[in-house]
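Here the structure comes first, spelled out in structure tokens, and everything after it is commentary.
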Amino acid sequence: MDLKIPDGYLETMRTSFDNMDKDMDRGWQIGQRWVKNPNPTQRCQLVAGKLLTALENDNEQLALMMGGYILSRMPNVKQVVIDNTGVPEETSFNSQTP
């Protein structure tokens, strides 16, 4: 599925994305384990899981926010392959579309 991020959206949402990072700075549950300070890839994997939920629930605003967060932290990402088996660490990010 293609997710279009409008021009200017990343800049508009900068504070929200920074707040998401502050929340993740306190640690986060990744799969079956607690990660005290997730690295940038782990943070995007966590957000990708929320993106999947948003897409499944037709929550366009949340999908846009989660997709925007990923793009703001990984600007070269063209494709997110979201693991839906409960292993967030298997979610991958590609800089080229297939």
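The values are calculated or read from the model by the stated rules, or taken from the named source; none is laboratory data. Keep in mind it's a predicted model, so treat the numbers as computed, not measured. Quick reminder, even Gly has a Cβ in these numbers, built from the backbone with ideal geometry, and neighbours come from all protein chains shown. Heavy atoms of the whole protein, side chains included, go into the accessibility calculation; ligands, DNA and RNA do not. Shrake-Rupley method; radii C 1.70, N 1.55, O 1.52, S 1.80 Å.
Here the peptides 88-94, 18-24, 63-69 are ranked by packing, the mean other Cβ count within 10 Å, and the order with the highest first is 63-69, 88-94, 18-24. Per-residue packing, averaged as other Cβ atoms within 10 Å, sorts the ranges 70-81, 40-51 into the order 40-51, 70-81, beginning with the highest. If the cut-off is 20 Å between C-alpha atoms, which aspartates and glutamates fall inside it for residue 4, apart from same-chain ones fewer than 8 positions away? Cross-link targets: 56, 58, 60. For the chain, the Kirkwood estimate of hydrodynamic radius, built from reciprocal distances between every pair of different alpha carbons, is 13.7 Å.
Within straight-line reach of residue 22, meaning a Cα separation under 17 Å, there are no aspartates and glutamates at least 8 residues removed in sequence or on another chain. Probing with 1.4 Å while keeping every protein chain in the model, the per residue accessible area of the chain equals 66 Å².
Accessible area of the chain with a 1.4 Å probe: how many percent of it is carbon plus sulfur? C and S atoms contribute 48 percent here. Calculated mean residue ellipticity at 222 nm for the chain: -15000 deg cm²/dmol, from DSSP H runs with n ≥ 4 weighted as -39500 (n - 2.57), summed, divided by the residue count and rounded to 500.
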